[in-house]
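Have a look at the structure below before the remarks.
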Amino acid sequence: MSNKLGFIGCGKMAKAIIKGILSKDDIIIKASTSSDLSAQKAQNELNIEVFSDNKKVAEFADIIFIATKPNQVETVLNDIKEYVNSEKLIISVAAGVSTKKIESVIGKIPVIRVMPNTPALVGECMSATAKGLYAQNEHEKIVTELLSSIGKVISVLEEQIDIVTAISGSGPAFFYQIFEDMAQAGVKLGLDYDKSLLLAVQTAIGSAKMTLNRKIPLNDLIQSVATKGGCTEVGITEMKNLDSSNLFSQVISKTAKKAHELG
């Protein structure tokens, strides 16, 4: 794998990825932003070279992250395409922009599309990768290795990216809403907000770890808490009566549909 990486776009997500990758040895990263002022700020924060010229990054790097807003991608690609060839790898984290769209601008170049999420900012990112027409397994392996420094990575077909967007891309906001709802429920029953919120969030962290490390089916984990005749069983029964399964099915389905429309 080349040790020369470039980032075009230097927003919060790009910075989170850069900080994670910089923890690896022998990696050299250069980046670009839209203005001299933002470039200087990013350079001071990241301690890497940051330019206001995308071409400098494309000329330098063998692996180029496109981390701009989706509506800027085509302009950026046209700006750098003279510096891109089949020996380079394009990694796009721009939501909704297909590898086919990217290839239509830059030609027969290896492209990997990535859907990360905002917990990258705390080193707990969930990313999914999808190969373009000219990308090989070795390219996807490179991306997986890079992104593993900030969390977990899976590989999917590109037509599944909208589902990924709905579950993990938008998912943090859904969990934040659940935390808020649980905390407010605690407040209604007489507990103060901060204590209710801490109870909900810490319980989610512990439950998530037990789920990731599980050696038994998830339903068995549920039953291990929801013992027969106990208070948890009453809560689970109420969730089923309120059709929580259908609720989340609708949430994920409608979010995935919107992701597809945006693309």
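Would it be correct to say that I64 is in contact (Cβ under 8 Å) with a residue 40 or more places away in the chain and in contact with a Lys or Arg (Cβ under 7 Å, 6 or more places away or on another chain)?
yes
Applying the selection to region 1-12, what residues are hydrophobic (A, V, I, L, M, F, W, C) and either in a loop (DSSP other than H, G, I, E, B) or surrounded by fewer than 20 Cβ atoms within 10 Å (Cβ to Cβ) (or both)?
M1, C10 - these are the residues of region 1-12 that are hydrophobic (A, V, I, L, M, F, W, C) and either in a loop (DSSP other than H, G, I, E, B) or surrounded by fewer than 20 Cβ atoms within 10 Å (Cβ to Cβ) (or both).
Conditions tested, residue by residue: (1) surrounded by 10 or more Cβ atoms within 10 Å (Cβ to Cβ); (2) assigned to a helix (DSSP H, G or I).
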site: K209; (1), (2): yes, yes
site: I222; (1), (2): yes, yes
site: T227; (1), (2): yes, no
site: E233; (1), (2): yes, yes
site: M239; (1), (2): yes, yes
site: F248; (1), (2): yes, yes
site: T255; (1), (2): yes, yes
site: K258; (1), (2): yes, yes
site: E261; (1), (2): no, yes
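Would you mind stating whether K81 is within 30 Å of D162 (Cβ to Cβ), touching a residue at least 60 places away in the same chain (Cβ under 8 Å) and of a type in the set (D, E, K, R)?
In short, no.
Taking region 201-231 on its own, how many of its residues are in contact with a helix residue (DSSP H, G or I) (Cβ under 6 Å, 6 or more places away or on another chain) and either in contact (Cβ under 8 Å) with a residue 60 or more places away in the chain or under 22 Å from Q177 (Cβ atoms) (or both)?
Number of matching residues: 1.
Kindly evaluate A58 against the criterion of being over 27 Å from I205 (Cα atoms), in contact with a helix residue (DSSP H, G or I) (Cβ under 6 Å, 6 or more places away or on another chain), among the small types (G, A, S) and surrounded by 20 or more Cβ atoms within 10 Å (Cβ to Cβ).
In short, yes.
Can you pull out every residue in region 211-220 that is polar (S, T, N, Q) and in a loop (DSSP other than H, G, I, E, B)?
N213, the sole residue that qualifies.
Looking only at helices (runs of 4 or more DSSP H) that fall completely inside region 65-168, which ones have 1 or more residues that are in contact with a Pro (Cβ under 9 Å, 6 or more places away or on another chain)? Give the steps one after another, and end with the answer.
Details: elements: 73-80, 99-106, 137-147, 161-164.
Because the criterion is at least 1 residues that are in contact with a Pro (Cβ under 9 Å, 6 or more places away or on another chain), the helices (runs of 4 or more DSSP H) in region 65-168 that meet it are 137-147.
Give me a count of the residues in region 49-61 that are in contact (Cβ under 8 Å) with a residue 40 or more places away in the chain and either assigned to a strand (DSSP E or B) or not assigned by TED's automatic domain parsing to the domain that holds G132 (or both). First the steps, then the outcome.
The initial filter retains those residues of region 49-61 that are in contact (Cβ under 8 Å) with a residue 40 or more places away in the chain, namely 50, 54, 57-58, 60-61.
Next, from what is left, pick out any that are either assigned to a strand (DSSP E or B) or not assigned by TED's automatic domain parsing to the domain that holds G132 (or both): 50.
Result for region 49-61: 1.
May I ask you to list the residues in region 31-41 that are outside any loop (DSSP other than H, G, I, E, B) and either at pLDDT below 95 or over 21 Å from the mean Cα position of the chain (by Cα) (or both)?
D36, L37, S38, A39, Q40, K41
Tell me, yes or no, whether region 171-193 has at least one residue that is in a helix (DSSP H, G or I), in the same structural domain as E87 (by TED's automatic domain parsing) and over 30 Å from K257 (Cα atoms).
no
Against the condition modelled with pLDDT under 95, farther than 17 Å from G132 by Cα and either buried (at least 16 other Cβ atoms within 10 Å of the Cβ) or not assigned by TED's automatic domain parsing to the domain that holds S149 (or both), how does K15 come out, does it pass?
Here the answer is yes, as K15 does meet what is asked.
Please go through region 138-157 and give me each residue that is surrounded by fewer than 14 Cβ atoms within 10 Å (Cβ to Cβ) and touching a residue at least 60 places away in the same chain (Cβ under 8 Å), ordered by number.
Hit for region 138-157 is E145, nothing else.
If G96 satisfies every condition in (1) closer than 23 Å to V251 by Cα; (2) not assigned by TED's automatic domain parsing to the domain that holds I80; (3) not aromatic (F, W, Y) but one, which is the exception?
(2)
Would you check which residues across region 80-107 are among the charged types (D, E, K, R) and surrounded by fewer than 16 Cβ atoms within 10 Å (Cβ to Cβ) and list them?
Within region 80-107, K81, E82, E87, K100 meet the criteria.
The values are calculated or read from the model by the stated rules, or taken from the named source; none is laboratory data. None of these values were measured; they are calculated from a predicted model. Reconstructed Cβ throughout: ideal geometry from the backbone, glycine too, with neighbour counts over all protein chains shown.
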